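**Q** Pasting a structure here, questions to come.
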Amino acid sequence: MKQKIKVINVSKTDEFEGTVTFEINGRQYDAFFWGDIFLLGEELSVTLTQLEYPLKWETIFGENKGRETKIEKSQTKHGTYYCYGTIQSVKPVIADFGDFQLDLGDWTNDEKVIGEYIYWTIDRLDIERA
């Protein structure tokens, strides 16, 4: 996925660590980076990964009651996102949240969940060059 870097916040102690802001479909997202240097305005292909907040099966499959596909920024926790989407595949679990798809790991191998609507919490979105 190709992104344009809008804002860079580099750590005061490590120039290879910080956060960047990028935009998809008019919505801005903040992602953590480590071991790289990003340039303001740079357009590059990136890979997004995430640290998830542990959720119960009932929450994952029960909290997207509106059958939505969207990502909401937390109003209280910087870098946290509440995601609503569908499972696209298993082994690994890939979910489509609208603006982007994420690999959610290997927490099920039940192919019956493909196409199901889910709720997911991203504790921290990570970005790296593709």
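**Q** Every residue in the range 49-68 that is surrounded by 13 or more Cβ atoms within 10 Å (Cβ to Cβ) and basic (Lys, Arg), please.
**A** none
**Q** Here's a check for you: in the range 1-29, which residue that is at pLDDT below 85 and assigned to a strand (DSSP E or B) is farthest from residue 45 (Cα to Cα)?
**A** Looking at residues that are at pLDDT below 85 and assigned to a strand (DSSP E or B), I get 3.
**Q** Quick check on the range 57-79: of everything there that is acidic (Asp, Glu) and in a loop (DSSP other than H, G, I, E, B), which residue is nearest to residue 20 (Cα to Cα)? Reasoning before the result, please.
**A** Going residue by residue through the range 57-79, those that are acidic (Asp, Glu) are 58, 63, 68, 72.
Pick out the ones that are also in a loop (DSSP other than H, G, I, E, B) and you get 63, 68.
Numbers: 63: 29, 68: 27 Å.
Here the residue is 68.
**Q** Kindly indicate which of 127, 71, 118 is surrounded by 15 or more Cβ atoms within 10 Å (Cβ to Cβ), hydrophobic (A, V, I, L, M, F, W, C), touching a Lys or Arg at 6+ places or on another chain (Cβ under 9 Å) and touching a residue at least 40 places away in the same chain (Cβ under 8 Å).
**A** Details: 127 fails: touching a Lys or Arg at 6+ places or on another chain (Cβ under 9 Å); 118 fails: touching a Lys or Arg at 6+ places or on another chain (Cβ under 9 Å).
Step by step, each of 127, 71, 118 is checked, and only 71 is surrounded by 15 or more Cβ atoms within 10 Å (Cβ to Cβ), hydrophobic (A, V, I, L, M, F, W, C), touching a Lys or Arg at 6+ places or on another chain (Cβ under 9 Å) and touching a residue at least 40 places away in the same chain (Cβ under 8 Å).
**Q** Ok, one more. Just give me the residues in the range 96-111 being in a strand (DSSP E or B) and more than 16 Å from residue 126 (Cβ to Cβ), in sequence order.
**A** Pass one, the range 96-111, residues in a strand (DSSP E or B): 96, 101-103.
Matches in the range 96-111: 96 only.
Yes or no, residue by residue, for (1) of a type outside the set (Asp, Glu); (2) touching a Leu at 6+ places or on another chain (Cβ under 6 Å); (3) surrounded by 18 or more Cβ atoms within 10 Å (Cβ to Cβ); (4) under 27 Å from residue 2 (Cβ atoms):
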residue	(1), (2), (3), (4)
22	yes, no, yes, yes
26	yes, no, no, yes
34	yes, no, no, yes
93	yes, yes, yes, yes
98	yes, no, no, yes
105	yes, no, no, yes
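**Q** Given the conditions (1) exposed (fewer than 15 other Cβ atoms within 10 Å of the Cβ); (2) touching a helix residue (DSSP H, G or I) at 6+ places or on another chain (Cβ under 9 Å), which single one is not true for residue 39?
**A** (2)
**Q** Scan the range 8-31 and give yes if some residue there is within 23 Å of residue 109 (Cβ to Cβ) and hydrophobic (A, V, I, L, M, F, W, C), otherwise no.
**A** Start the filter on the range 8-31 by keeping residues that are within 23 Å of residue 109 (Cβ to Cβ), which leaves none.
No, every residue in the range 8-31 fails to be within 23 Å of residue 109 (Cβ to Cβ) and hydrophobic (A, V, I, L, M, F, W, C).
**Q** Select from the range 1-33 the residues that are among the aromatic types (Phe, Trp, Tyr) and over 17 Å from residue 81 (Cβ atoms) and list them in ascending order.
**A** Filtering the range 1-33 for residues among the aromatic types (Phe, Trp, Tyr) gives 16, 22, 29, 32-33.
16, the sole residue that qualifies.
The values are calculated or read from the model by the stated rules, or taken from the named source; none is laboratory data. This structure is a prediction, so every number in the text was calculated from the model and none was measured. For neighbour counting, all protein chains shown are included, and Cβ atoms are generated from backbone atoms with ideal geometry for every residue, glycine included.
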